[in-house]
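Participant: Dropping the structure in here first, questions after.
The values are calculated or read from the model by the stated rules, or taken from the named source; none is laboratory data. Keep in mind it's a predicted model, so treat the numbers as computed, not measured. Every residue, glycine among them, receives a Cβ derived from its backbone with ideal geometry; neighbour counts consider all protein chains shown.
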Amino acid sequence: MEKLEKKIPRNLNECFNIDDIEKLAITKLSKHSLAYYYGGSGDEITLRRNRNIFNKIKLYPKVLVNVSETDTSIIIQNRKLAMPIFFAPAAMHRLACPSGEKDSAKAAFEMNTLYCLSTHSSCTPSEVAAANKNGLRWYQLYLNKNRDISKKVILKLEELGYSAIVLTVDAPVAGYRERDHRARIGEEELSDSASIIANFGFFKNIQDSSFEWEIIDWLKSITKLEIYIKGIHRVDDALIAREKGVKGIFVGNHGGRQLDTVPSALEMLIPIAKACKDFKDFDIFLDGGIRRGVDVFKALAFGAKAVFIGRPLLWGLACGGEQGVKRVFEILMSEFITCMKLCGVNKLEEINESYIFKEKLPKF
Ligand SMILES: Cc1cc2nc3c(=O)[nH]c(=O)nc-3n(C[C@H](O)[C@H](O)[C@H](O)COP(=O)(O)O)c2cc1C
């Protein structure tokens, strides 16, 4: 019905879901920035799968449960956060708005959620720490070929109050992202956006792709910060990570930006969460494809402790800096709370696989 058709929103007030925010962001971002933020690798099969898998999962609500008081709070590192929806590390927020990571980190603080800063950030860790005040703040690490430099960075992070290192392990090289090439985001193009993106080219040449599991021992020898590993796909790798004594893992595929045709984050989560269900002190996060509150619920039902979100927050940032990011969190929170209530659940600990419908249709 044309009268009720969705139009491209003109501002944040006209955005009622993440899809609206994405549409508005597309109108705001330059061609190069959009290609960089939006793109996945190869044919973007994994990028689409991350998202589509959620629509295939059916919820299975309980009724006649008193849901007048729903609590979405979660404890991470002894801190009580407002929601199990966290800020995934993403490079170069200044492509979205002039204050970049300073705005996104401030929004995360205001919303009382966890912020993870990327090694490829376009603001410094000190600037971000100042903007994020005493918020819970982690740092995503790409290891430098010169380990002394990484060590110095980590020691500085400790001083600045970052409380965990998130080692990304699914990117020994960058995935083949055609949208970047098509938008001609090659190094010469990037040098246009000088201070922001010059950094990026610099990082590409100094990133180490030679390390193996021994790197965890090295990290533990230089810092007391907790260590998480980001980009785990397989059960056997999840089990090694646990044996190595890391605090937890991000199950995901870099938002479909690395190896195309790997399974979606949710598909990978299911066997990993089962294999790790008896490990009490080992956090499993889902990272990739979340666009709705029901997606958050489904991820938790399959065993994730919380979820990390990438692109939606970049869209929010592009639409309205700090306010845009807050709007994204507000929308997802409100959808998630509605989903909890309609499923008959009051607390995160109550969410489990019994809320997923698993029956197959009989053959007729
Ligand atoms: C533009 C962009 C930049 C990213 N940069 C990084 C990065 O620097 N380090 C990292 O570990 N992951 C990076 N990621 C991956 C995200 O942390 C996260 O895994 C992914 O965005 C989750 O998928 P989603 O966008 O569907 O939520 C980036 C993702 C995007 C979209």
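Participant: Report, by residue number, each residue of region 120-141 that is hydroxyl-bearing (Ser, Thr, Tyr) and surrounded by fewer than 20 Cβ atoms within 10 Å (Cβ to Cβ).
Facilitator: Scanning region 120-141 gives Thr124, Ser126.
Residues are listed down the side, and each one gets a yes or a no for (1) of a type outside the set (S, T, N, Q); (2) assigned to a helix (DSSP H, G or I); (3) closer than 22 Å to Asn52 by Cβ:
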site: Asp260; (1), (2), (3): yes, no, yes
site: Ala273; (1), (2), (3): yes, yes, yes
site: Asp281; (1), (2), (3): yes, no, no
site: Asp295; (1), (2), (3): yes, yes, yes
site: Lys298; (1), (2), (3): yes, yes, yes
site: Val307; (1), (2), (3): yes, no, yes
site: Leu317; (1), (2), (3): yes, yes, no
site: Val328; (1), (2), (3): yes, yes, yes
site: Met333; (1), (2), (3): yes, yes, no
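Participant: Is it the case that Gly39 is at positive phi, surrounded by 19 or more Cβ atoms within 10 Å (Cβ to Cβ) and in contact with a Lys or Arg (Cβ under 7 Å, 6 or more places away or on another chain)?
Facilitator: Answer is no for this residue.
Participant: Restricting to strands (runs of 3 or more DSSP E) lying wholly in region 31-134: which have 2 or more residues that are basic (Lys, Arg) and more than 12 Å from the ligand (Cβ to nearest atom)?
Facilitator: In region 31-134, the matching strands (runs of 3 or more DSSP E) lie at 79-81.
Participant: Give just the number: which of (1) modelled with pLDDT of 95 or more; (2) out of contact with any Ser or Thr (no Cβ under 8 Å at 6 or more places or on another chain) does His254 not satisfy?
Facilitator: (2)
Participant: Residue pairs, Cβ under 9 Å, 6 or more apart or interchain, first in region 317-345 and within 18 Å of Cys15 (Cβ to Cβ), second surrounded by fewer than 20 Cβ atoms within 10 Å (Cβ to Cβ) and aromatic (Phe, Trp, Tyr). List them.
Facilitator: Ile331/Phe16
Participant: Quick check on my filter: what residues within region 162-187 are at pLDDT 95 or above and away from the ligand (no atom under 13 Å from the Cβ)?
Facilitator: Tyr162, Ser163, Ala164
Participant: Would you tally the residues in region 257-285 being in contact (Cβ under 8 Å) with a residue 40 or more places away in the chain and farther than 12 Å from Gly231 by Cβ?
Facilitator: Result for region 257-285: 11.
Participant: Looking at Leu259, Leu317 in this structure, which one is surrounded by fewer than 21 Cβ atoms within 10 Å (Cβ to Cβ), aliphatic (A, V, I, L, M) and touching an Asp or Glu at 6+ places or on another chain (Cβ under 9 Å)?
Facilitator: Leu259
Participant: Does region 220-239 hold any residues that are assigned to a helix (DSSP H, G or I) and either within 14 Å of the ligand (Cβ to nearest atom) or buried (at least 20 other Cβ atoms within 10 Å of the Cβ) (or both), and which are they?
Facilitator: Ala238
Participant: Which count do you get for residues in region 346-364 that are part of a helix (DSSP H, G or I) and either under 28 Å from Ser99 (Cα atoms) or in contact (Cβ under 8 Å) with a residue 12 or more places away in the chain (or both)?
Facilitator: 4
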